[in-house]
Each structure stands twice: as C-alpha cells, then as structure tokens.
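The values are calculated or read from the model by the stated rules, or taken from the named source; none is laboratory data. None of these values were measured; they are calculated from a predicted model. With ideal geometry, Cβ positions are generated from the backbone for all residues, glycine too; neighbour counts draw on all protein chains shown.
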C-alpha cells in the first residue's frame, strides 16, 4: 500500500511547501537567517509585478489552501 502511495506522489509532484527568498539584497544580518544575502544590489531579480504574477499563477493552477508558503 505505501509503495503505491509513494509511486503516485513521485508522479504527481504536488507543491506542498514553497520557500521563496525574494531577494538577495538585505542589510539586516539576522543571526537566525541562513541566507547568503548581502547589502548590495543584484541584477536579474524578479520585479514586484513578476512576483505578484507568480503567486496569481500558483493560486490559479493549484489549491493554494494546501500549500505552506514561506516568503523571506
């Protein structure tokens, strides 16, 4: 039984936990943070609109009530 569940889960790849590090530009230097963020400007990061669009797409395509979303 567990083998069938595992096989199904491997095929479906449902999103259940999304950890989104929005930027690598941060000057807070929190002791608890594991990010490699630095106090400098990075190129190529998503715009605010691109981030909003990504979350809208997740909400449209998936059951967002079943996804744990961590944004940092």
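Name the single residue, out of those in segment 34-52 being modelled with pLDDT of 85 or more and surrounded by 12 or more Cβ atoms within 10 Å (Cβ to Cβ), that is farthest from residue 12 (Cα to Cα).
45
Of all residues in segment 56-67, count the ones that are out of contact with any strand residue (DSSP E or B) (no Cβ under 8 Å at 6 or more places or on another chain) and assigned to a helix (DSSP H, G or I).
Qualifying residue count for the region: 8.
Yes/no per residue for (1) more than 13 Å from residue 71 (Cα to Cα); (2) in a helix (DSSP H, G or I):
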residue: 10; (1), (2): yes, yes
residue: 23; (1), (2): no, no
residue: 41; (1), (2): yes, no
residue: 49; (1), (2): yes, yes
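From the list 59, 64, which one is at pLDDT 85 or above, farther than 10 Å from residue 23 by Cα and surrounded by 12 or more Cβ atoms within 10 Å (Cβ to Cβ)?
59
Which condition does residue 31 not pass, out of (1) part of a strand (DSSP E or B); (2) loosely packed, with under 10 Cβ neighbours inside 10 Å, if it passes all the others?
All conditions pass for residue 31, except number (1).
Suppose we filter segment 13-28 for residues that are surrounded by 12 or more Cβ atoms within 10 Å (Cβ to Cβ) and in contact (Cβ under 8 Å) with a residue 24 or more places away in the chain; how many remain?
Final tally of qualifying residues: 5.
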